[in-house]
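The values are calculated or read from the model by the stated rules, or taken from the named source; none is laboratory data. The shown structure was predicted, so the numbers you read here are calculated from the model rather than taken from an experiment. Glycine also receives a Cβ, built like all others from the backbone with ideal geometry; neighbour counts cover every protein chain displayed. The protein model used for the area step is the full one, side chains on, heavy atoms only, and it has no ligands, DNA or RNA in it. Shrake-Rupley method; radii C 1.70, N 1.55, O 1.52, S 1.80 Å.
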Amino acid sequence: MISQFFILSQRGDSIVFRDYRGEVPKGSAEIFFRKVKFWKDDGEGDAPPVFNADGVNYFHVKDAGLLFVATTRVNVSPSLVLELLRRIARVVKDYLGVLSEDALRKNFVLVYELLDQIIDFGYVQTTSTEVLKSYVFNEPVVVDSSQLGPAGIFMAKRMPVTTITKSVVANERGGRKREEIFVDIIEKMSVTFSSSGYILTSEIDGTIQLKSYLTGNPEIRLALNEEVGIGRGGESIYDYGSSLGSGAVILDDCNFHESVHLDSFDVDRTLTLVPTDGEFPVMNYRITQEFKPPFCINALIEEAGPFKAEVTIKVRADFPSSIIADKILVQIPLPTYTTRVSFELEPGAIGNTTDYTEANRRMEWGLKKIVGGSEHTLHAKLTFSQESHGNITKEAGPVSMTFTIPMFNASRLQVKYLHITKKSKSYNPYRWVRYVTHSNSYVARL
(Lines give C-alpha, C1' and ligand atoms only; values in the text may rest on other atoms or scores of the structure.)
Protein backbone atom coordinates (compact mmCIF):
# COMPACT_ATOMS: atom_id res chain seq x y z
CA MET A 1 0.00 0.00 0.00
CA ILE A 2 1.44 3.37 -1.02
CA SER A 3 0.27 6.90 -0.23
CA GLN A 4 1.76 8.88 -3.11
CA PHE A 5 3.38 8.33 -6.48
CA PHE A 6 5.31 10.92 -8.46
CA ILE A 7 7.83 11.23 -11.29
CA LEU A 8 10.58 13.86 -11.06
CA SER A 9 12.92 15.20 -13.73
CA GLN A 10 16.68 15.51 -13.27
CA ARG A 11 16.12 19.10 -12.10
CA GLY A 12 13.59 18.01 -9.48
CA ASP A 13 10.51 19.22 -11.37
CA SER A 14 7.38 17.23 -10.58
CA ILE A 15 6.11 15.91 -13.94
CA VAL A 16 3.45 13.52 -12.59
CA PHE A 17 2.00 13.54 -9.06
CA ARG A 18 -0.80 11.42 -7.63
CA ASP A 19 -1.86 11.43 -3.97
CA TYR A 20 -3.92 8.31 -3.21
CA ARG A 21 -4.53 8.49 0.53
CA GLY A 22 -3.74 12.00 1.81
CA GLU A 23 -1.51 10.67 4.60
CA VAL A 24 1.76 12.31 3.50
CA PRO A 25 2.36 16.10 3.27
CA LYS A 26 2.04 17.66 -0.20
CA GLY A 27 5.65 18.89 -0.14
CA SER A 28 7.04 15.34 -0.06
CA ALA A 29 8.40 15.59 -3.63
CA GLU A 30 10.53 18.61 -2.74
CA ILE A 31 11.70 16.99 0.51
CA PHE A 32 12.65 13.82 -1.35
CA PHE A 33 14.62 15.59 -4.08
CA ARG A 34 16.51 17.74 -1.57
CA LYS A 35 17.48 14.61 0.39
CA VAL A 36 18.66 12.73 -2.72
CA LYS A 37 20.51 15.70 -4.21
CA PHE A 38 22.54 16.50 -1.09
CA TRP A 39 23.09 12.92 0.06
CA LYS A 40 26.53 12.85 -1.61
CA ASP A 41 27.54 16.15 -0.04
CA ASP A 42 27.08 14.59 3.37
CA GLY A 43 29.83 12.10 2.49
CA GLU A 44 27.54 9.09 2.36
CA GLY A 45 27.60 8.35 -1.40
CA ASP A 46 24.43 7.99 -3.47
CA ALA A 47 21.05 7.90 -1.78
CA PRO A 48 19.77 4.34 -1.17
CA PRO A 49 16.63 3.22 -3.03
CA VAL A 50 14.73 3.18 0.27
CA PHE A 51 15.07 5.64 3.16
CA ASN A 52 12.98 7.28 5.88
CA ALA A 53 12.66 11.01 6.53
CA ASP A 54 10.38 12.54 9.18
CA GLY A 55 8.36 9.33 9.49
CA VAL A 56 7.77 8.96 5.75
CA ASN A 57 9.23 6.01 3.82
CA TYR A 58 10.57 6.98 0.38
CA PHE A 59 11.12 4.39 -2.37
CA HIS A 60 12.65 5.31 -5.72
CA VAL A 61 14.14 3.90 -8.91
CA LYS A 62 15.89 5.82 -11.67
CA ASP A 63 15.16 5.12 -15.31
CA ALA A 64 16.26 7.19 -18.34
CA GLY A 65 17.18 10.08 -16.06
CA LEU A 66 13.73 10.17 -14.44
CA LEU A 67 13.00 9.41 -10.77
CA PHE A 68 9.97 7.18 -10.10
CA VAL A 69 9.04 7.65 -6.43
CA ALA A 70 6.50 6.21 -4.00
CA THR A 71 5.84 7.25 -0.39
CA THR A 72 4.05 5.65 2.52
CA ARG A 73 3.90 5.87 6.31
CA VAL A 74 3.18 2.17 6.86
CA ASN A 75 5.65 -0.71 6.96
CA VAL A 76 5.49 -2.33 3.49
CA SER A 77 7.87 -4.66 1.68
CA PRO A 78 10.61 -2.57 0.00
CA SER A 79 11.08 -5.20 -2.71
CA LEU A 80 7.36 -5.07 -3.54
CA VAL A 81 7.29 -1.28 -3.92
CA LEU A 82 10.55 -1.12 -5.91
CA GLU A 83 9.25 -3.81 -8.28
CA LEU A 84 5.99 -1.85 -8.64
CA LEU A 85 7.95 1.28 -9.60
CA ARG A 86 9.95 -0.65 -12.20
CA ARG A 87 6.76 -2.10 -13.67
CA ILE A 88 5.10 1.31 -13.83
CA ALA A 89 8.16 2.62 -15.70
CA ARG A 90 7.93 -0.33 -18.09
CA VAL A 91 4.19 0.16 -18.73
CA VAL A 92 4.69 3.88 -19.38
CA LYS A 93 7.50 3.05 -21.81
CA ASP A 94 5.28 0.47 -23.55
CA TYR A 95 2.58 3.07 -24.13
CA LEU A 96 4.76 6.11 -24.94
CA GLY A 97 7.46 4.22 -26.82
CA VAL A 98 10.25 5.94 -24.92
CA LEU A 99 10.87 7.25 -21.42
CA SER A 100 11.77 10.94 -21.46
CA GLU A 101 10.61 14.15 -19.83
CA ASP A 102 9.28 15.47 -23.13
CA ALA A 103 7.27 12.29 -23.79
CA LEU A 104 5.72 12.41 -20.30
CA ARG A 105 4.72 16.07 -20.60
CA LYS A 106 3.15 15.53 -24.03
CA ASN A 107 1.24 12.47 -22.78
CA PHE A 108 0.39 13.44 -19.21
CA VAL A 109 -3.34 12.69 -19.71
CA LEU A 110 -2.50 9.16 -20.86
CA VAL A 111 -0.04 8.66 -17.99
CA TYR A 112 -2.62 9.71 -15.38
CA GLU A 113 -5.18 7.38 -16.97
CA LEU A 114 -2.66 4.52 -16.71
CA LEU A 115 -1.94 5.32 -13.05
CA ASP A 116 -5.65 5.34 -12.19
CA GLN A 117 -5.95 1.82 -13.60
CA ILE A 118 -2.70 0.49 -12.10
CA ILE A 119 -3.27 1.76 -8.53
CA ASP A 120 -6.55 2.31 -6.68
CA PHE A 121 -6.47 4.00 -3.25
CA GLY A 122 -2.82 2.93 -2.87
CA TYR A 123 -3.39 -0.72 -3.76
CA VAL A 124 -2.02 -2.32 -6.94
CA GLN A 125 -4.64 -3.56 -9.41
CA THR A 126 -2.58 -4.65 -12.44
CA THR A 127 0.71 -3.87 -14.19
CA SER A 128 -0.01 -5.87 -17.35
CA THR A 129 0.11 -3.85 -20.57
CA GLU A 130 -2.23 -6.33 -22.23
CA VAL A 131 -4.86 -6.05 -19.48
CA LEU A 132 -4.60 -2.24 -19.46
CA LYS A 133 -5.40 -2.10 -23.20
CA SER A 134 -8.99 -3.04 -22.32
CA TYR A 135 -9.40 0.01 -20.05
CA VAL A 136 -7.10 2.72 -21.44
CA PHE A 137 -8.13 4.19 -24.78
CA ASN A 138 -6.08 7.38 -25.17
CA GLU A 139 -3.62 7.34 -28.08
CA PRO A 140 -0.04 8.40 -27.30
CA VAL A 141 1.52 11.52 -28.80
CA VAL A 142 4.61 10.34 -30.68
CA VAL A 143 7.85 12.11 -29.68
CA ASP A 144 10.37 13.01 -32.39
CA SER A 145 13.30 10.56 -32.14
CA SER A 146 15.79 13.42 -32.63
CA GLN A 147 14.76 14.75 -29.21
CA LEU A 148 15.62 11.57 -27.33
CA GLY A 149 19.07 12.68 -26.17
CA PRO A 150 20.59 10.45 -23.50
CA ALA A 151 17.34 8.53 -23.13
CA GLY A 152 17.98 6.77 -26.43
CA ILE A 153 19.36 3.33 -25.62
CA PHE A 154 22.03 1.55 -27.63
CA MET A 155 21.15 0.70 -31.19
CA ALA A 156 22.63 -2.04 -33.30
CA LYS A 157 23.99 -1.05 -36.70
CA ARG A 158 21.29 -0.66 -39.38
CA MET A 159 18.61 -0.80 -36.68
CA PRO A 160 15.62 1.39 -37.61
CA VAL A 161 15.56 4.51 -35.42
CA THR A 162 11.77 4.19 -35.01
CA THR A 163 12.14 0.99 -33.00
CA ILE A 164 13.04 2.75 -29.75
CA THR A 165 10.20 5.27 -30.02
CA LYS A 166 7.38 2.95 -31.02
CA SER A 167 4.39 2.45 -28.77
CA VAL A 168 2.91 -1.03 -28.50
CA VAL A 169 -0.61 0.41 -28.76
CA ALA A 170 -0.22 3.00 -31.54
CA ASN A 171 -0.50 2.14 -35.23
CA GLU A 172 1.87 3.19 -37.98
CA ARG A 173 0.88 5.78 -40.56
CA GLY A 174 -1.99 4.48 -42.65
CA GLY A 175 -3.48 2.60 -39.68
CA ARG A 176 -1.27 -0.47 -40.14
CA LYS A 177 1.08 -2.01 -37.64
CA ARG A 178 4.60 -3.09 -38.57
CA GLU A 179 4.96 -6.77 -37.65
CA GLU A 180 8.24 -7.16 -35.73
CA ILE A 181 9.69 -8.60 -32.56
CA PHE A 182 12.78 -7.64 -30.55
CA VAL A 183 14.87 -9.90 -28.33
CA ASP A 184 17.55 -8.23 -26.19
CA ILE A 185 20.18 -10.18 -24.23
CA ILE A 186 21.23 -7.68 -21.57
CA GLU A 187 24.02 -8.49 -19.12
CA LYS A 188 25.22 -6.51 -16.09
CA MET A 189 28.74 -7.40 -15.04
CA SER A 190 30.39 -7.17 -11.62
CA VAL A 191 34.16 -7.70 -11.45
CA THR A 192 36.76 -6.91 -8.76
CA PHE A 193 40.48 -6.84 -9.63
CA SER A 194 43.35 -7.02 -7.18
CA SER A 195 46.13 -4.41 -7.20
CA SER A 196 48.22 -6.76 -9.39
CA GLY A 197 45.43 -7.22 -11.96
CA TYR A 198 44.12 -10.63 -10.90
CA ILE A 199 40.36 -11.25 -10.76
CA LEU A 200 39.08 -11.57 -7.19
CA THR A 201 35.34 -11.83 -7.85
CA SER A 202 33.25 -11.92 -11.03
CA GLU A 203 29.53 -12.24 -11.68
CA ILE A 204 27.04 -11.70 -14.50
CA ASP A 205 23.37 -10.86 -13.97
CA GLY A 206 21.61 -11.32 -17.29
CA THR A 207 18.14 -11.13 -18.73
CA ILE A 208 16.55 -12.04 -22.05
CA GLN A 209 14.11 -9.21 -22.73
CA LEU A 210 11.36 -9.47 -25.33
CA LYS A 211 9.23 -6.76 -26.91
CA SER A 212 6.57 -7.81 -29.38
CA TYR A 213 4.72 -5.81 -32.02
CA LEU A 214 3.05 -8.90 -33.47
CA THR A 215 -0.71 -8.81 -34.01
CA GLY A 216 -2.75 -11.78 -32.88
CA ASN A 217 -0.11 -12.93 -30.37
CA PRO A 218 1.25 -15.93 -32.34
CA GLU A 219 3.25 -18.61 -30.58
CA ILE A 220 7.03 -18.24 -30.81
CA ARG A 221 9.90 -20.64 -30.19
CA LEU A 222 13.17 -19.19 -28.93
CA ALA A 223 16.18 -21.51 -29.03
CA LEU A 224 19.31 -20.99 -26.90
CA ASN A 225 22.72 -22.68 -27.10
CA GLU A 226 22.28 -26.41 -26.78
CA GLU A 227 25.36 -26.40 -24.52
CA VAL A 228 23.58 -24.34 -21.83
CA GLY A 229 23.86 -26.05 -18.45
CA ILE A 230 22.32 -25.13 -15.11
CA GLY A 231 24.34 -25.71 -11.94
CA ARG A 232 27.89 -24.93 -10.94
CA GLY A 233 30.83 -26.80 -12.41
CA GLY A 234 34.40 -26.85 -11.23
CA GLU A 235 36.43 -25.34 -14.04
CA SER A 236 36.53 -22.59 -16.63
CA ILE A 237 34.60 -23.60 -19.74
CA TYR A 238 35.16 -20.56 -21.91
CA ASP A 239 37.23 -20.23 -25.06
CA TYR A 240 38.45 -16.65 -24.84
CA GLY A 241 38.84 -16.29 -28.61
CA SER A 242 35.42 -14.82 -29.31
CA SER A 243 32.54 -13.53 -27.23
CA LEU A 244 29.90 -14.57 -29.78
CA GLY A 245 31.22 -17.99 -30.74
CA SER A 246 29.48 -21.18 -29.72
CA GLY A 247 30.50 -23.07 -26.58
CA ALA A 248 29.29 -24.31 -23.23
CA VAL A 249 27.47 -21.82 -20.99
CA ILE A 250 27.00 -22.74 -17.32
CA LEU A 251 24.30 -20.83 -15.43
CA ASP A 252 24.31 -20.82 -11.64
CA ASP A 253 20.57 -20.34 -11.59
CA CYS A 254 17.76 -18.94 -13.73
CA ASN A 255 14.04 -18.20 -13.71
CA PHE A 256 11.44 -17.72 -16.43
CA HIS A 257 8.41 -15.56 -17.16
CA GLU A 258 5.06 -17.14 -16.29
CA SER A 259 4.09 -17.32 -19.98
CA VAL A 260 7.10 -19.51 -20.91
CA HIS A 261 6.51 -23.24 -21.48
CA LEU A 262 9.52 -25.41 -20.64
CA ASP A 263 8.32 -28.70 -22.16
CA SER A 264 11.30 -28.98 -24.51
CA PHE A 265 13.83 -26.88 -22.60
CA ASP A 266 15.57 -29.88 -21.02
CA VAL A 267 15.80 -31.58 -24.43
CA ASP A 268 16.96 -28.89 -26.86
CA ARG A 269 17.05 -25.63 -24.80
CA THR A 270 14.00 -24.20 -26.57
CA LEU A 271 11.56 -21.81 -24.91
CA THR A 272 7.96 -21.73 -26.16
CA LEU A 273 5.67 -18.81 -25.35
CA VAL A 274 2.83 -16.61 -26.55
CA PRO A 275 4.23 -13.09 -26.08
CA THR A 276 2.00 -10.53 -24.40
CA ASP A 277 1.92 -6.89 -25.45
CA GLY A 278 4.72 -4.76 -24.12
CA GLU A 279 8.20 -5.48 -22.87
CA PHE A 280 8.89 -8.28 -20.39
CA PRO A 281 11.79 -10.50 -19.26
CA VAL A 282 11.56 -13.99 -20.77
CA MET A 283 14.41 -15.32 -18.64
CA ASN A 284 16.71 -14.05 -15.88
CA TYR A 285 20.00 -15.79 -15.13
CA ARG A 286 23.14 -15.48 -13.02
CA ILE A 287 26.69 -16.65 -13.74
CA THR A 288 29.60 -16.75 -11.30
CA GLN A 289 31.75 -19.15 -13.31
CA GLU A 290 35.04 -17.83 -14.62
CA PHE A 291 34.75 -15.61 -17.70
CA LYS A 292 37.04 -13.15 -19.43
CA PRO A 293 36.16 -9.54 -18.52
CA PRO A 294 35.98 -7.12 -21.46
CA PHE A 295 38.38 -4.65 -19.84
CA CYS A 296 41.58 -4.97 -17.85
CA ILE A 297 42.34 -2.05 -15.49
CA ASN A 298 45.78 -1.32 -14.08
CA ALA A 299 46.13 1.61 -11.67
CA LEU A 300 49.24 2.84 -9.87
CA ILE A 301 49.67 5.71 -7.42
CA GLU A 302 53.14 6.76 -6.26
CA GLU A 303 54.53 9.55 -4.12
CA ALA A 304 56.55 12.13 -6.08
CA GLY A 305 57.58 14.25 -3.13
CA PRO A 306 56.33 15.24 0.35
CA PHE A 307 53.27 17.04 -1.06
CA LYS A 308 52.90 15.39 -4.46
CA ALA A 309 51.89 12.09 -6.05
CA GLU A 310 51.38 10.66 -9.51
CA VAL A 311 48.55 8.44 -10.71
CA THR A 312 48.71 6.22 -13.81
CA ILE A 313 45.61 4.39 -15.09
CA LYS A 314 45.70 1.97 -18.02
CA VAL A 315 42.59 0.49 -19.60
CA ARG A 316 42.91 -2.36 -22.11
CA ALA A 317 39.97 -3.62 -24.20
CA ASP A 318 40.08 -7.43 -24.41
CA PHE A 319 37.43 -7.95 -27.07
CA PRO A 320 37.47 -8.08 -30.91
CA SER A 321 38.27 -4.90 -32.87
CA SER A 322 34.88 -5.16 -34.62
CA ILE A 323 33.19 -4.24 -31.32
CA ILE A 324 33.15 -0.70 -29.90
CA ALA A 325 32.39 0.20 -26.26
CA ASP A 326 30.90 3.58 -25.43
CA LYS A 327 29.90 5.74 -22.45
CA ILE A 328 33.07 4.82 -20.54
CA LEU A 329 33.73 6.59 -17.24
CA VAL A 330 36.67 5.80 -14.93
CA GLN A 331 36.58 7.22 -11.40
CA ILE A 332 39.01 7.15 -8.48
CA PRO A 333 38.54 8.70 -5.01
CA LEU A 334 41.61 10.66 -3.88
CA PRO A 335 42.91 11.51 -0.38
CA THR A 336 40.87 14.16 1.42
CA TYR A 337 43.86 16.52 1.53
CA THR A 338 44.16 16.68 -2.29
CA THR A 339 44.06 20.33 -3.42
CA ARG A 340 44.83 20.19 -7.14
CA VAL A 341 44.98 17.64 -9.97
CA SER A 342 46.60 18.15 -13.39
CA PHE A 343 45.95 15.63 -16.18
CA GLU A 344 48.07 14.39 -19.04
CA LEU A 345 46.36 12.44 -21.82
CA GLU A 346 48.11 10.21 -24.33
CA PRO A 347 49.02 11.80 -27.70
CA GLY A 348 46.21 11.75 -30.24
CA ALA A 349 43.47 11.15 -27.65
CA ILE A 350 40.09 12.21 -29.08
CA GLY A 351 36.81 12.51 -27.22
CA ASN A 352 38.40 12.18 -23.74
CA THR A 353 37.31 14.29 -20.79
CA THR A 354 38.97 14.73 -17.40
CA ASP A 355 37.68 16.33 -14.23
CA TYR A 356 38.43 16.62 -10.54
CA THR A 357 35.52 17.26 -8.20
CA GLU A 358 36.84 18.95 -5.08
CA ALA A 359 33.59 18.49 -3.13
CA ASN A 360 33.90 14.69 -2.98
CA ARG A 361 37.65 14.44 -3.89
CA ARG A 362 36.98 12.31 -6.95
CA MET A 363 38.96 12.16 -10.20
CA GLU A 364 37.06 11.29 -13.38
CA TRP A 365 38.21 10.20 -16.83
CA GLY A 366 35.60 9.89 -19.56
CA LEU A 367 36.11 8.20 -22.95
CA LYS A 368 33.59 8.56 -25.74
CA LYS A 369 34.41 5.15 -27.18
CA ILE A 370 36.99 2.35 -27.01
CA VAL A 371 37.68 0.03 -29.94
CA GLY A 372 38.36 -3.61 -29.12
CA GLY A 373 42.04 -4.48 -28.76
CA SER A 374 43.13 -0.91 -27.95
CA GLU A 375 44.81 0.42 -24.81
CA HIS A 376 44.43 3.86 -23.25
CA THR A 377 46.47 5.57 -20.55
CA LEU A 378 45.91 8.57 -18.27
CA HIS A 379 48.56 10.28 -16.13
CA ALA A 380 47.61 12.66 -13.33
CA LYS A 381 49.72 14.72 -10.93
CA LEU A 382 48.29 15.36 -7.47
CA THR A 383 49.11 18.21 -5.11
CA PHE A 384 48.45 17.78 -1.37
CA SER A 385 47.95 20.23 1.47
CA GLN A 386 49.86 17.95 3.87
CA GLU A 387 52.26 15.03 3.77
CA SER A 388 50.79 11.61 3.08
CA HIS A 389 53.15 9.75 5.49
CA GLY A 390 53.20 6.68 3.24
CA ASN A 391 49.46 5.98 3.57
CA ILE A 392 48.49 7.19 0.13
CA THR A 393 47.42 3.78 -1.23
CA LYS A 394 45.13 3.30 1.78
CA GLU A 395 43.49 6.70 1.37
CA ALA A 396 42.94 6.58 -2.41
CA GLY A 397 40.89 4.27 -4.58
CA PRO A 398 39.54 1.88 -5.54
CA VAL A 399 39.22 2.59 -9.26
CA SER A 400 35.70 2.08 -10.61
CA MET A 401 34.59 1.92 -14.23
CA THR A 402 31.23 2.15 -16.00
CA PHE A 403 30.64 1.27 -19.66
CA THR A 404 28.24 -0.06 -22.27
CA ILE A 405 29.23 -2.52 -25.01
CA PRO A 406 26.61 -3.08 -27.75
CA MET A 407 26.58 -6.43 -29.57
CA PHE A 408 28.74 -8.12 -26.93
CA ASN A 409 28.01 -10.60 -24.16
CA ALA A 410 30.71 -12.18 -22.03
CA SER A 411 28.59 -15.19 -21.03
CA ARG A 412 28.26 -16.30 -24.67
CA LEU A 413 24.59 -17.13 -24.17
CA GLN A 414 22.97 -16.81 -27.60
CA VAL A 415 19.63 -16.97 -29.34
CA LYS A 416 20.18 -19.56 -32.07
CA TYR A 417 16.88 -18.96 -33.82
CA LEU A 418 13.50 -17.29 -33.32
CA HIS A 419 10.58 -19.16 -34.91
CA ILE A 420 7.16 -17.53 -35.20
CA THR A 421 4.02 -19.54 -35.97
CA LYS A 422 2.84 -18.44 -39.41
CA LYS A 423 -0.68 -17.14 -39.95
CA SER A 424 -0.25 -17.49 -43.71
CA LYS A 425 2.45 -18.31 -46.26
CA SER A 426 3.23 -14.63 -46.81
CA TYR A 427 3.51 -13.87 -43.07
CA ASN A 428 7.14 -13.01 -42.36
CA PRO A 429 7.58 -10.49 -39.52
CA TYR A 430 10.87 -8.74 -38.83
CA ARG A 431 13.06 -10.31 -36.14
CA TRP A 432 15.73 -8.39 -34.23
CA VAL A 433 18.20 -9.95 -31.78
CA ARG A 434 20.52 -7.59 -29.94
CA TYR A 435 23.23 -8.06 -27.29
CA VAL A 436 24.51 -5.49 -24.81
CA THR A 437 26.78 -5.58 -21.75
CA HIS A 438 26.69 -2.97 -18.98
CA SER A 439 28.95 -2.55 -15.99
CA ASN A 440 27.26 -3.07 -12.64
CA SER A 441 30.32 -2.94 -10.36
CA TYR A 442 33.68 -2.90 -12.13
CA VAL A 443 36.37 -2.16 -9.55
CA ALA A 444 40.18 -2.35 -9.37
CA ARG A 445 42.06 -2.02 -6.09
CA LEU A 446 45.20 0.08 -5.79
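Over 28 Å apart at the Cα level, from the set K35/K133; K62/K211; K188/K308, are K35/K133; K188/K308.
Summary of the geometry: segment 309-372 and segment 213-231, compared by the centres of their Cα atoms, lie 40 Å apart.
The largest-to-smallest principal axis extents of the Cα set in the chain are 75, 57, 41 Å.
Rounded to the nearest 10 degrees, what's the angle between the helix 78-96 long axis and the longest principal axis of the chain, both from Cα atoms, 0 to 90? That helix lies at roughly 60 degrees to the long axis.
A Cα-only calculation for segment 4-134 places Rg and Dmax at 14.3, 49 Å.
Mind checking the per residue accessible area of the chain for me, 1.4 Å probe, whole number of Å²? Heavy-atom SASA per residue in the chain reads 48 Å².
Note on segment 295-406: percent of Cα-Cα distances in each 5 Å bin, starting at 0 and stopping at the bin with the largest distance, equals 2, 11, 24, 23, 17, 11, 7, 4, 1, 0.
Do you know the relative contact order of segment 295-406, to the nearest whole percent, from alpha carbon pairs under 8 angstrom that are 6+ apart?
Details: 247 pairs, mean separation 45.8, N = 112.
Rounded, it is 41 percent for segment 295-406.
For segment 246-322, which GluC sites (Glu not before Pro) are in a loop by DSSP, counting at most 11 other Cβ atoms within 10 Å? When the GluC sites (Glu not before Pro) of segment 246-322 are filtered for loop state and at most 11 Cβ neighbours within 10 Å, E258 remain. In this simple spin-label approximation, T377 and T402 carry label points 7 Å from Cα along the Cα→Cβ vector, and these lie 2.8 nm apart.
Taking θ as phi - 60° and the Karplus parameters 6.51, -1.76 and 1.60, the scalar couplings of segment 110-126 work out to 5, 5, 5, 5, 5, 4, 5, 8, 6, 10, 10, 6, x, 10, 6, 9, 6 Hz in sequence order, x denoting glycine and proline. Can you work out the base-10 log of I(q)/I(0) for segment 392-433 at q = 0.30 1/Å, using the Debye formula on its C-alpha atoms alone? Computed log10 I(q)/I(0) values: -1.14. The C-alpha radius of gyration of segment 304-360, expressed as a fraction of 2.2 N^0.38 Å, stands at 1.43.
The chymotrypsin sites (Phe, Trp or Tyr not before Pro) of segment 48-141 meeting both criteria, a DSSP state outside H, G, I, E and B (loop) and at most 11 other C-beta atoms within 10 angstrom of the site's C-beta, are F121, F137.
Would you calculate a helix-derived [θ] at 222 nm for the chain, using -39,500 (n - 2.57) for each DSSP H run of n ≥ 4 and dividing by the full residue count, to the nearest 500? Walk me through the numbers on the way to the answer.
Numbers: 7 runs with 58 residues, N = 446.
Counting only the DSSP helices, I get -3500 deg cm²/dmol.
In whole percent, what relative contact order does the chain give with Cα contacts below 8 Å and a gap of six or more residues? With pairs under 8 Å counted, the relative contact order is 15 percent. In loop segments of segment 41-107 as defined by DSSP, the GluC sites (Glu not before Pro) with at most 11 further C-beta atoms inside 10 Å of their C-beta are E44.
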